Each structure stands twice: as structure tokens, then as C-alpha cells.
Amino acid sequence: MIYQLKITLLDIEPPIWRRIVVDGQSSLGDLHLIIQIAMGWTNSHLHEFRIGDSRYGMCDPEFDDLGEGAQDEEMFTLEQVAPFVGVEFLYLYDFGDNWEHLVRVEAIEEPEKKEFRPVCLAGERSCPPEDVGGIPGYAEFLKIIADSNHPEHSSMVDWIGGEFDPGYFAIDSVNEYLAHFDVDEFYDSLFDVSYTYRQGQYLAFIHYYTKVNGIPPAQADIQRYFDVTAPSVNSMLKRLEAQGFISRVARRPRSIRVLIDQADLPELE
């Protein structure tokens, strides 16, 4: 069965939400990754589903411990835990910033074809930046970047990597990512085994931009090319740097350097 879900980030006005369509046989682990992509998070923190009186999370292979009372999210499908239209449950992301999402099953339908990929149908507003400090931190962040005279304005703009439009949502970019989304590839990237399709495109752009222009791109150049928000670019660069794919000099513009041989880079599409 195919599920239509509405995901709303709680306690923020105007609301930040996404409407997605997913396969009901997707595990909760797969759903977690799809929500990350649709919302704009970067899978940099812990998460958990709370459905009724039950909790589901990711099994840590290093410690084999889900936390007291939690169950392995890979062992349960969306159809199993939310079998009816109208079911609502919570998805929590980043136990420090404590982002709570309400997930509601809006529709359940028979699939029109055997092969199905998740799709984002609609959504509004940009996802908050990672590590911004939760709801109060995000409110303060918006206040500072909106006031060019604020004493912390320049440092905050530098931290976020450029302009930030809280009303912007790049649905086409989300769906492009979902169209090439592969669970195994995604998990491989977490352990530096390989890069994902989207990461490869960023790496290719940085490489070819540098080759053509003689200098690396600024974050604004990357943002314009991929038509995404500044936080999305900033988060992607942080991940690429953490995985050893690029190097940067802190607070120095146009200092991105790709650490992968050209032969190992994909074609830029």
C-alpha cells in the first residue's frame, strides 16, 4: 500500500511542513531517512519514533543498544505501526535541540505500479539549521539575521554560510534527491565507504568550477547552481568535510578543495 503522510514540525509558527508519499512496506528506518531528506535535515543526530506507547530507534552496531524500552526501527514497517488513515505519531530528531515532528497518515491507497519511489507532494518553509539551539535558538537566529544592525548579524551570517530565507522550500531539489535515493548507498556514505548521488554532484561541481574559473566556488555559487537554501549547502559541506571528501579553511571564502581524484568523480549533470 502507498501512504500519504503530512509531517509538521511542532511549536513553530508559521508552520514548517511536508507532504510525502511513501511505500507502506518501508521500514521505520527507511522512513527516518526519507523524512530527513524531505525536511532538509542532515542525519547528524539521534532520532526516535514514538507511536502509541511504543518507541522505535536505530540500533547502534557498536553498542547494540537502543536505549531502555526502545525497539529496532528496522524490524517494523509503516504498515505495521500505522495501519489506518488518521493515525498520528511523533518523530523526534536531535535530542539536544529536540525537534518534534507530528506525522499524520492522510491516505492509504493501492499502488498504481509495482516499482515506487517516495515523492514530496508539497511543503512550506525552510527547515531550521542544524545545531541552532532548538525552538528558542531558531527564534533568536531569525531575529539576528533579519537585523543587519544586530551586533551578531555578521557572525551569524558567516555561521550559516550566507543568506537564509525561512520562507523558501526547494521541493524540486528534494524530489531529485528522492528520485536517486538508495538506502544502502546512504548508509555506506555514513561510514565513508562511498558518496551518495547528491554528494557526488556537489563534489563534481566544486571540482569543475575550480578548474574553469581558477578559484573554488563560494557557497553562494553552489547554492545558485543547485537551487537550494544556504543551510542546505552549509550542511552538505560539513558532511563532505567530515567524511574526508573536501577540505576548507575556516572563515576563508573560496577555500574548498576536493580531496578525491578526478577519475573517481561522477559526471556533472
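Every read-out reported here was derived from the displayed coordinates using simple, explicitly stated rules and does not represent laboratory data. Since the model is a prediction, treat every value here as computed from it, not as a measurement. Positions of Cβ are backbone-derived with ideal geometry, glycine not excepted, and every protein chain shown enters the neighbour counts.
Here are some notes:
- Annotation for MET1 and ARG117: the two label points, set 7 Å from Cα along the Cα-Cβ direction, are 2.6 nm apart.
- Rounded to whole Å, the principal axis extents of the Cα atoms in the stretch 1-132 read 40, 35, 25, largest first.
- In this structure the amide hydrogen of VAL119, modeled in the peptide plane, comes within under 5 Å of the amide hydrogens of VAL21, none closer than 5 places in sequence on its chain.
- If you run the Gaussian network model on the chain, springs between alpha carbon atoms under 10 Å, then out of ILE20, ILE206, ILE12 the most flexible one is ILE12.
- Fewest-first sequence of LYS211, LYS238, LYS114, LYS143 by Cβ atoms within 10 Å of each Cβ: LYS114, LYS211, LYS143, LYS238
- Taking 0.36 nm per residue of separation and subtracting the Cα-Cα distance, full extension of the segment from GLU106 to GLU88 would add 5.5 nm.
- The Cα center of the stretch 4-40 and the Cα center of the stretch 192-269 differ in position by 27 Å.
- For Cα extents along the principal axes in Å, the value calculated from this model appears in (1) 56, 47, 40; (2) 103, 54, 27; (3) 63, 57, 28 under label (1).
- For ILE246, the amide hydrogen comes within under 5 Å of the amide hydrogens of GLU241, LEU259, counting only partners 5 or more places away or on other chains and with H modelled in the peptide plane.
- Segment SER148-GLU79, length gained on full extension (0.36 nm per residue, minus Cα span): 20.0 nm
- Packing rank of 252-262, 123-133, where each peptide gets the mean count of other beta carbons within 10 Å, highest leading: 123-133, 252-262
- Value of relative contact order over the stretch 92-238, rounded to a whole percent, pairs C-alpha under 8 Å and six or more apart: 24
- Longest DSSP-loop-exposure-free segment, chymotrypsin sites (Phe, Trp or Tyr not before Pro), the chain, at most 13 other Cβ within 10 Å: 96-190
- One chain, two ends: ALA179 and GLU140. Fully extended at 0.36 nm per residue, the span grows by 10.5 nm beyond their Cα-Cα distance.
- Amide H partners (placed H, <5 Å) of GLN71, local residues excluded: ARG55, TYR56, GLY57
- Magnitude of the charge dipole, the chain, Cβ model with Lys/Arg +1 and Asp/Glu -1, debye to 20: 1140
- Residue among GLY29, GLY52, HIS153 farthest towards the positive dipole end of the chain, charges placed on Cβ: HIS153
- Under the span-like rule (Cα at least 27 Å along the axis, Kyte-Doolittle mean at least -0.5), DSSP H helices of the chain: none
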